[in-house]
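The values are calculated or read from the model by the stated rules, or taken from the named source; none is laboratory data. The shown structure was predicted, so the numbers you read here are calculated from the model rather than taken from an experiment. Here the Cβ positions follow ideal geometry from the backbone for every residue, glycine too, while neighbour counts run over all protein chains shown. Quick note on the areas: whole protein, heavy atoms, side chains included, nothing else; ligands and nucleic acids left out. Shrake-Rupley method; radii C 1.70, N 1.55, O 1.52, S 1.80 Å.
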Amino acid sequence: MGAPFTPFADGARIHTLDTFLTLLECGSPPPECEARAGQGLSARDWARLESAAAGLPGVRVEPWPYRRPVALGVHKTDPANLLVDGLREIEPGEFAAGLHVDPGCGMLADRDNGARHLPGMLEVEACLQLAMAVTALRLGEAWAFVTGRTSIAFPAFLFPLPAELRLVVEDDRPAGRGFRDLVLAASIEQGERVVMTMDFRSRAFEPALIREAERRQLTSLMDVTASVLAGRR
């Protein structure tokens with residue numbers, strides 16, 4: 001795993017990239033070991049490890065698992081902030097993807113409390129990106145996903161190891177001209193255990209409709225603010 005998760009590495013079964021590369025370069029890797037990518041690594045990092053392990057007896061490096069980061073509908077300009085990888089529909093209305101935390105992820109840039117698990121806000125962001133991506137995949141990228149209400153639970157810690165994202169579309173129905181009501185259930189699983197759930201009651205708007213709704217609310221807000229300020233004079 002990457003340097004952001006150094007507190008999690010135990011130096012036995014779990015290593016950071018730098019410490020494992022040192023073992024390989026010194027010719028003293030763990031016997032009959034198989035390297036699998038954790039979180040906080042890039043494809044370039046993994047290529048370095050593959051190169052260092054080439055030809056060493058008893059060392060097997062699994063292929064780099066993260067190849068299709070999902071930008072659809074999530075409105076991110078920096079690929080390092082994409083958390084959903086390899087989105088796929090496994091059953092009608094049921095989706096799965098991998099969680100991938102890039103070493104340059106902005107949610108890790110200014111956070112180090114020494115804890116060994118991933119921050120809860122990163123889990124929330126991952127589920128939100130998943131919900132937005134699924135909505136864009138089903139309705140088209142032009143539709144705007146707007147969260148109305150969420151219910152979040154953290155039954156267990158999420159560690160910086162491989163994890164799976166899942167989402168079930170429980171309801172999707174027209175709620176008027178140009179928008180739809182959505183009920184979505186997202187979760188994160190690690191080691192066959194659900195570690196986080198996030199249920200959405202949301203709406204998807206056609207672009208023109210959401211701009212008009214925003215305009216009306218902003219006009220109302222400005223009118224109220226002007227009235228309050230006038231009353232203070």
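Out of all the residues in the stretch 156-179, is one or more out of contact with any Leu (no Cβ under 9 Å at 6 or more places or on another chain), among the aromatic types (F, W, Y), more than 21 Å from R67 (Cα to Cα) and in contact (Cβ under 8 Å) with a residue 40 or more places away in the chain?
No: the stretch 156-179 contains no residue that is out of contact with any Leu (no Cβ under 9 Å at 6 or more places or on another chain), among the aromatic types (F, W, Y), more than 21 Å from R67 (Cα to Cα) and in contact (Cβ under 8 Å) with a residue 40 or more places away in the chain.
Do we have V194 as in contact (Cβ under 8 Å) with a residue 24 or more places away in the chain and either among the basic types (K, R) or open to solvent by less than 70 Å² (accessible area, probe 1.4 Å) (or both) here? Give the derivation first.
Values: in contact (Cβ under 8 Å) with a residue 24 or more places away in the chain: yes; either among the basic types (K, R) or open to solvent by less than 70 Å² (accessible area, probe 1.4 Å) (or both): yes.
For V194, the condition - in contact (Cβ under 8 Å) with a residue 24 or more places away in the chain and either among the basic types (K, R) or open to solvent by less than 70 Å² (accessible area, probe 1.4 Å) (or both) - is met.
Of all residues in the stretch 10-49, count the ones that are closer than 19 Å to P162 by Cα, touching a Phe, Trp or Tyr at 6+ places or on another chain (Cβ under 8 Å) and open to solvent by 20 Å² or more (accessible area, probe 1.4 Å).
Residues in the stretch 10-49 being closer than 19 Å to P162 by Cα, touching a Phe, Trp or Tyr at 6+ places or on another chain (Cβ under 8 Å) and open to solvent by 20 Å² or more (accessible area, probe 1.4 Å): 3 in total.
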